[in-house]
Amino acid sequence: MTKYEELMATYGHLLIEERPMINKGLYADGCIWIREDLTTDEKYCILAEEIGHYKKTAGDILDQEILWNRKQELIARRWAYETIAPK
């Protein structure tokens, strides 16, 4: 089992789907979509970040021109980094 599959299994209560899409990943309302043409390692990293959004952020943060949204993005990425490579 890959790390990607393990992370998917750990958060099996979320709907996680791979799809053709422009963004690499997206989280909304308990659903995570991952771009299907990424490598398994890329999918693992993107999934970790999207789970970070599930656990740590709230609201529509797609407009990254807004400072608060950029902070929310950073919070999710930091959670992902700590999950993938703990200290």
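Key figures
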item: Residue in segment 57-70 that is hydroxyl-bearing (Ser, Thr, Tyr), part of a helix (DSSP H, G or I), in contact with a helix residue (DSSP H, G or I) (Cβ under 9 Å, 6 or more places away or on another chain) and surrounded by fewer than 19 Cβ atoms within 10 Å (Cβ to Cβ) present; result: no
item: Any hit, segment 19-35, residues being hydroxyl-bearing (Ser, Thr, Tyr), touching a residue at least 40 places away in the same chain (Cβ under 8 Å), surrounded by 12 or more Cβ atoms within 10 Å (Cβ to Cβ) and closer than 22 Å to GLU73 by Cβ; result: no
item: Exclusive hit being open to solvent by 70 Å² or more (accessible area, probe 1.4 Å), touching a residue at least 40 places away in the same chain (Cβ under 8 Å) and not in a loop (DSSP other than H, G, I, E, B), set TYR4, TYR44, TYR81, TYR54; result: TYR54
item: Test for TYR44: is it of a type in the set (Phe, Trp, Tyr) and within 17 Å of THR2 (Cα to Cα); result: yes
item: Boolean, GLU65 is at pLDDT 95 or above, over 12 Å from the mean Cα position of the chain (by Cα), at negative phi and among the acidic types (Asp, Glu); result: no
item: Of all residues making up segment 49-75, the number that are in contact with a Lys or Arg (Cβ under 9 Å, 6 or more places away or on another chain) and aliphatic (A, V, I, L, M); result: 2
item: Positions within segment 57-78 being under 15 Å from ALA28 (Cβ atoms) and without any contact (Cβ under 8 Å) to a residue 24 or more places away in the chain, in sequence order; result: THR57, ALA58, GLY59, ASP60, ILE61, LEU62, ASP63, ASN69, GLN72, GLU73
item: Single condition LEU74 does not satisfy, out of (1) in contact with a helix residue (DSSP H, G or I) (Cβ under 8 Å, 6 or more places away or on another chain); (2) not in a loop (DSSP other than H, G, I, E, B); result: (1)
item: Any hit, segment 8-30, residues being basic (Lys, Arg) and in a helix (DSSP H, G or I); result: no
item: Residue satisfying condition, being touching a helix residue (DSSP H, G or I) at 6+ places or on another chain (Cβ under 7 Å), more than 19 Å from ARG77 (Cα to Cα) and hydroxyl-bearing (Ser, Thr, Tyr), within set THR40, THR2; result: THR2
item: Segment 7-18, residues that are of a type outside the set (Val, Ile, Thr) and either open to solvent by 70 Å² or more (accessible area, probe 1.4 Å) or closer than 18 Å to THR83 by Cα (or both); result: LEU7, MET8, ALA9, TYR11, GLY12, HIS13, LEU14, LEU15, GLU18
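The values are calculated or read from the model by the stated rules, or taken from the named source; none is laboratory data. All of these numbers come straight from a predicted model, not from anything done at the bench. No Cβ is skipped: glycine too gets one built from the backbone with ideal geometry, and neighbour counts run over all protein chains shown. Calculation scope for accessible area: heavy atoms of the full protein, side chains included, ligands and nucleic acids excluded. Shrake-Rupley method; radii C 1.70, N 1.55, O 1.52, S 1.80 Å.
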